[in-house]
Amino acid sequence: MVRRLRKIEYEVLAVSNGLEGVKLAHAELPDLILMDMRLPLMDGWEATRQLKASSETRHIPVIALTAQTLEEDRQRCFDVGCDDYASKPLQFANLVAKIEELLKKKQVA
């Protein structure tokens, strides 16, 4: 996914766990975060909670990426502060459409 996003000219920063993700988000203030909900050290649920609780990062849109597809799982993503949701396996075109929509909303705000 990182390679495909870079190919269509998105700048992508990637980490391997939620703790690094929270630190990187505070350091870089990205335009958008793709949050895998099953990360080591700190899962995506807690990482998103922390990002949305911080005045520095709460404005950053977060798209949850998860293989959990039950309605309760989807709702849990929104409950912790995610702005959108994409289930695995990811359909790349749909993910890009979600990214573009959230980036446009952010520019308007």
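The values are calculated or read from the model by the stated rules, or taken from the named source; none is laboratory data. Worth saying up front: this structure is predicted, and the values here are computed from it rather than measured. Heads up, the Cβs are rebuilt from the backbone with ideal geometry, glycines too, and the neighbour counts pull from every protein chain shown.
Quick notes
- Single condition Val96 does not satisfy, out of (1) among the hydrophobic types (A, V, I, L, M, F, W, C); (2) over 24 Å from Lys7 (Cβ atoms); (3) touching a residue at least 40 places away in the same chain (Cβ under 8 Å): (2)
- Residue satisfying all of: in the range 7-28; loosely packed, with under 15 Cβ neighbours inside 10 Å and either of a type in the set (Gly, Ala, Ser) or closer than 12 Å to Glu56 by Cα (or both); nearest to the chain's Cα centre (by Cα) among these: Ala14
- Selection count, the range 1-50, where residues are part of a strand (DSSP E or B) and touching a Cys at 6+ places or on another chain (Cβ under 8 Å): 1
- One residue from Arg58, Arg74 being charged (D, E, K, R) and at pLDDT 95 or above: Arg58
- Checked against the criterion of being within 13 Å of Asp83 (Cα to Cα) and free of Cβ contacts under 8 Å to residues at least 60 places away in the same chain, the candidates Arg38, Arg58, Arg3 yield just one match: Arg58.
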